[in-house]
1. Hey, rough spin-label estimate for Lys315 and Asp177, points 7 angstrom out along Cα→Cβ, what's it come to in nanometres?
2. Taking 0.36 nm per residue of sequence separation and subtracting the Cα-Cα distance, how much length would be gained by fully extending the chain between Glu52 and Lys258, in nm to one decimal?
3. Order 168-178, 422-432 from most to least packed using the mean count of other Cβ atoms within 10 Å.
4. Counting every Cα pair in the chain, what percent are over 36 Å apart?
5. Between Lys103 and Ala384, how many nm apart are label points set 7 Å from Cα along the C-beta direction?
6. Find how much the distance from Glu374 to Asp306 grows on full extension, using 0.36 nm per residue of separation minus their present alpha carbon separation; answer in nm with one decimal.
7. Which of rounded, prolate, oblate describes the stretch 449-530, given a ≥ b ≥ c as roots of the alpha-carbon gyration tensor eigenvalues and a/c under 1.5 marking rounded, otherwise prolate only if a/b is larger than b/c?
8. Rank these residues by their accessible area, most exposed first, probe 1.4 Å: Tyr339, Tyr688, Tyr536.
Amino acid sequence: MESFRTEIENPIVQKDIIDLEKKIALFRDGKIDDERFRSLRLARGVYGQRQEGVQMIRIKLPFGKVTSEQLLRISKVSDEYSTGRLHITTRQDIQIHYVSLDKTPQLWAELEKDDITLREACGNTVRNITASETAGIDSEEPFDVSPYAHAMFQFFLRNPVCQEMGRKFKISFSSSDKDTALSYLHDLGFIPKIVNGKKGFKVMLGGGLGSQPHHAELLSEFIPVNQIIPTTEGVLRIFDRLGERAKRLKARMKFLIKEIGRDEFLRLVDAEKKALSHQTVEIDTTDFDAPISEPLLFAPKVVIEDTAAFEAWKKSNVIQQKQAGYVAIGIKIVLGDFYTDKARLLAELIKNYGANELRFSLRQDILIRHVKEENLPFFYQELAKLDFVALGYNTISDITACPGTDTCNLGIASSTGIAVELERVLNAEYPQYANNQEITIKISGCMNACGQHNMSEIGFQGMSINSGKLVAPALQVLLGGGNLGNGTGRFSDKVIKIPSRRGPDALRFILNDFESNANGLSFLDYYDAKGEKYFYEFLKPLADLTNLTEADFVDWGNADNYVKAVGVGECAGVVIDLVATLLLEAKDKLTFAQEAFDDQKWADAIYLAYAGFVNGAKAVLLAENQKTNHHAGIIDLFDTVFIETKKIELSSSLKDLVYQINKNEPSEAFAKQYIQEAALFFQTIETYRAKDLANA
């Protein structure tokens, strides 16, 4: 247990991991409430899974970039602490499952040896920042967005502004107007533009999937590159202050914008400018501007015997880079799952014969970048040994699916099982679709849409249906979604619900009708021309429950009869706040504020003091059985319940005290004053709380 304390060079990281270790011990001793501990571990990438007593660990990999050293480190950790399986997510993370909670500090420490973090991979934080896997090599890109995604990740990692928001916050960077990072379904989505010779971004605001998908609204047609971090900080501050916290299903930013309106939201963001830690942030792109590094070894000359297979693979899986003489190789990873034995060999391959870089994709695949074109035969040979040359990268048969009922608490029906079967159907019965990139198929095990089912041309959502006293697994069939580019997209229509076992027939019906009746139209134009009712009618026979067989009560990938078992979801970091815990946290925030002040981080110190104000106020309000839903509501309610009734006396209203934060620049003098006022406020409410308990 002591080893990682001395091996980690970064004191901030060391403190983080030691804190997790201490909190686990307190939790084991019953000194931290289960729900509160959940919030803490989620912000450190430790996520409960469907199976009792083990955790899923989410490894945060900004824009999916990984070196050979990092891939080897992840493999080592997976073998030592898990099962050797690596799962690529739709946010370009890696997840490993079946990890003991008590071993998570050591696991994290091992990862940090190669600059890999778990911090804020889950919970109500800024999640992994995603980007087009082709960023930097895309022939259509105005410029490489990778350094901007990286700078955004670095700026907000451990930033006090986004540690305990009402809900998670997702950011994406697309490489071009094709918008392959799907800006329209993110809280903030960035699309690169050059205007009058200056680099900047079109920015989309407030998108999201889930049970109520919402198309992002335009924040700005153009924001200069040195303004993207201040703009994001302003958005986060307003979301943190006004975002819903009591009603989980209404807590995403899209609901806040719907409630107060885009214009009012942006007015509040603009009013926050004075308080920002930086008015501009210049982003250093040097590390990404360097020439492509030469391979360590010369690739041997290879003679390909099956030239037809090689040419088919090149057509399907190889992408021409904007850099002359270089290509990228797409590796289709079924359901995003691969194993450490192959990962190690892949790591050695890119280190010795490539440029020591790959990126995990939004479609749960792998993209090897910067391969010399003359080395393609050698790479084909080596990848074939790993069974990594399956055709269909980024095509219809490259199906996206969340883990569903395999490991997720919220899974209702198997997403992985049906995905495997649908891919088998496509490969066996529809070879003409081998290179079709127009239609995407995405599957989620529940309405939360981790598999992005409600933004694809063909989507399936796990559900259940009742037949007498029995329950069968089911699928909602969704059609007509898709990415239209440049910040626009469309969400799928819910067409019909069918037993899961009939999912393959639904796909057959849809593709057969498309082939017979589209008459050259794209899939989306064909869907629009026919209309939702048309598809409902020809799929309707599959929804008939009068002819269910025994097989219909067994989900895909399972041997036993289906049992609907939905646990408590952790996607949002559901938290039950206790008065004592909140007071303790408020005190911690003030301690952290002073530490930040001592480090001359004025803006961080001020925001941590702000959190101390809010947590303290919320604690005494809960003690009075007052309901709270967001920070602004807490502040207003405190004045109503305590200041106006003179139960608690302050030098002014709490509102006037707290909202100094956005009326002052983050200077040393104001930080010192604000921390002192927060500390005095905390002493006042502690005294009130002690008297209240004494009189109880």
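The values are calculated or read from the model by the stated rules, or taken from the named source; none is laboratory data. Being a predicted model, the structure only gives us computed values, none of them experimental. Note: ideal-geometry Cβ built from the backbone for every residue, glycine included; neighbour counts use all protein chains shown. Just so you know, the surface numbers come from the protein's heavy atoms only, side chains and all, with ligands and any DNA or RNA stripped out. Shrake-Rupley method; radii C 1.70, N 1.55, O 1.52, S 1.80 Å.
1. 2.9 nm
2. Working: separation 206, 0.36 × 206 = 74.16 nm, distance 3.84 nm.
Length gained between Glu52 and Lys258: 70.3 nm.
3. Details: 168-178: 23.9, 422-432: 15.5.
With the highest mean Cβ count within 10 Å placed first, the list reads 168-178, 422-432.
4. On the way: 105081 of 241860 pairs.
Within the chain, distances greater than 36 Å cover 43 percent of Cα pairs.
5. Each label point lies 7 Å from its Cα, and together they span 3.8 nm.
6. Working: separation 68, 0.36 × 68 = 24.48 nm, distance 1.74 nm.
Between Glu374 and Asp306, full extension yields 22.7 nm more.
7. Working: a/c = 3.15, a/b = 1.54, b/c = 2.04.
Verdict is oblate for the stretch 449-530.
8. On the way: Tyr339 115, Tyr688 40, Tyr536 80 Å².
The ordering from most to least exposed comes out as Tyr339, Tyr536, Tyr688.
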